[in-house]
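For reference, the structure is listed below as structure tokens.
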């Protein structure tokens, strides 16, 4: 449990380091947090059950609600498509810019880039591909610190791959540092968060504080990028990151978020996995145009100064990538934000050795992400009650964004694609004789048809993000990359709503999930 007075690095961890209700010592606080953990699922189940009961007991009102909801979804689709197109244009522009030229009039030779690469049991070729991209990145390698962080529990093969990577790349970087995260440390959940927190502290003690001997490297001069082991930064990523750091209003009260594109193995992934992965990219692009809603996700960057002051990533919960933002938000009394940099990093689409294993992996990954959305909503609700310095307006805005996000993710696809038909089946003979029952499917079909026109925008944008077609892939594969978007009515409910409901229900019942490592599998490795 979290001690009432535990303080490290000047930070009181009583409320910043909560993973779940059981981490609190105070019984009243534990019960309150436990109640908060039920809220996301209660909202979702109340909506779904309410629509079923309403379709049976008050079909006219439910039918009207569905029509209004579909109109709302049409407007929302237009609104989101506008933001997607805006960020797509911005990202294309940023990829063409010479960021070294843009930095000419800015002083940045004092800055260091630290890259932390956690891994578990991934193949050496996955590690090597990421390392190659770092070697090719435009940044002085004498001012880079690479931290390859592996798990003791991963066994001998992980250690073997670590040492092989060290031997291959040790002469390419002035600082190439290895860390082995010990198994079974007290208060830790096995997973990425505990691994990278350990790696950051080891790097601080053995590199930042020790080099050079006279004074060390200043924490405020180090930009830390935490990448998944499959993350490959585009060539000018660190230059683009540096420009945003030097030009943003509050660099030490900001995290920096690139756009994740799942291009490493996109040509080998099955269609449904491509749609889910690209939909995730599109959502991040949309959020980049709405920075007030943006939280850190997957690969991101921040200063070591801020990272150290907040106590690193949490070690006792599942989704550390977004949680580090909320830790910082509470630590700095709401004076913390995410700066969108609209520049891509490339990652793996979900791919397994078989079709069904891929489907299983996609579902588990989506469940882990949606679980993080729910547990973060609970975390900030409790944190807002304890932090009196954040304005009420800011609290209410963030709480609405987070809980509405949990609710809409789990319910909206089902309402749109399935529940709209319920009044016809449950409304009874009296309702089915009404003009409304006759027009309901036609109205909803027409509204959704117009809304689905947004898929054309998605299809066009998705093809422009593709890497070059590899040898062995026929040109007609491009056609399938466009046609794959007809799977949206399937992928959103199956890999959106269902894992969301699953995750929220587990949290409500106290059936907490642990960290699940997404397997990295590619049919062909190191494809150029």
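Every read-out reported here was derived from the displayed coordinates using simple, explicitly stated rules and does not represent laboratory data. Everything quoted here is computed from the prediction, not taken from an experiment. Every residue, glycine as well, gets a Cβ built from its backbone with ideal geometry; the counts of neighbours run over all protein chains shown.
Brief remarks on what is shown
- Kirkwood Rh, angstrom, the range 341-414 [1 / mean 1/r, Cα pairs]: 15.0
- As a rough footprinting exposure proxy, the listed residues 174, 231, 518 were ranked by other beta carbons within 10 Å of their own, and the order from fewest upward is 174, 518, 231.
- For the range 19-121, the extents of the C-alpha atoms along the principal axes are 68, 47, 32 Å, listed from largest to smallest.
- DSSP finds beta bridges in the range 252-358, and of those with both partners inside it, around 20 percent are antiparallel.
- Taking label points 7 Å from Cα along the Cα-to-Cβ direction, residue 86 and residue 53 give a separation of 4.1 nm.
- Rg/Rh for the range 105-201, where both radii come from Cα atoms and Rh is the Kirkwood radius: 1.01
- Calculated FRET efficiency, residue 138 to residue 333, Cβ-Cβ distance, R0 = 25 Å: about 0.10 to the nearest 0.05.
- FRET efficiency estimate (nearest 0.05) - Cβ-Cβ, residue 35 to residue 449, R0 45 angstrom: 0.60
- For the range 243-353, the alpha carbon convex hull comes to 115 Å³ per residue, rounded to a whole number.
- Ellipsoid fit via the Cα gyration tensor, the range 50-177: semi-axes of 49, 27, 11 Å, each the root of five times an eigenvalue, largest first.
- R0 of 30 Å, Cβ-Cβ distance residue 432-residue 483: FRET efficiency to nearest 0.05: 0.25
- From the C-alpha gyration tensor of the range 362-466, square roots of 5λ in Å: 36, 23, 14
- Rel. contact order, % - alpha carbon contacts under 8 angstrom, at least six apart, the chain: 23
- Order of 256, 355 under a 10 Å beta carbon neighbour criterion, fewest first: 355, 256
- Kirkwood Rh, angstrom, the range 386-528 [1 / mean 1/r, Cα pairs]: 20.0
- Exposure proxy shown here: for 267, 421, the number of other Cβ atoms within 10 Å sets the order, fewest to most, as 421, 267.
- Compared with the alpha-carbon gap, the fully stretched path from residue 78 to residue 210 is longer by 42.1 nm at 0.36 nm per residue.
- Segment residue 396..residue 456, full-extension length gain: 18.0 nm, with 0.36 nm per residue of separation and the alpha-carbon distance subtracted.
- One way to sum up the overall shape of the range 271-412 is the equivalent ellipsoid from its Cα gyration tensor, whose semi-axes run 28, 17, 15 Å, largest first.
- Hydrodynamic analysis of the range 144-292 uses the Kirkwood radius over alpha carbon pairs. Inserted into Stokes-Einstein at 37 °C and 0.692 mPa s, it gives a translational diffusion coefficient of 181 µm²/s.
- In the chain, helices alone account for a calculated mean residue ellipticity at 222 nm of -17000 deg cm²/dmol, with every DSSP H run of four or more residues adding -39,500 (n - 2.57).
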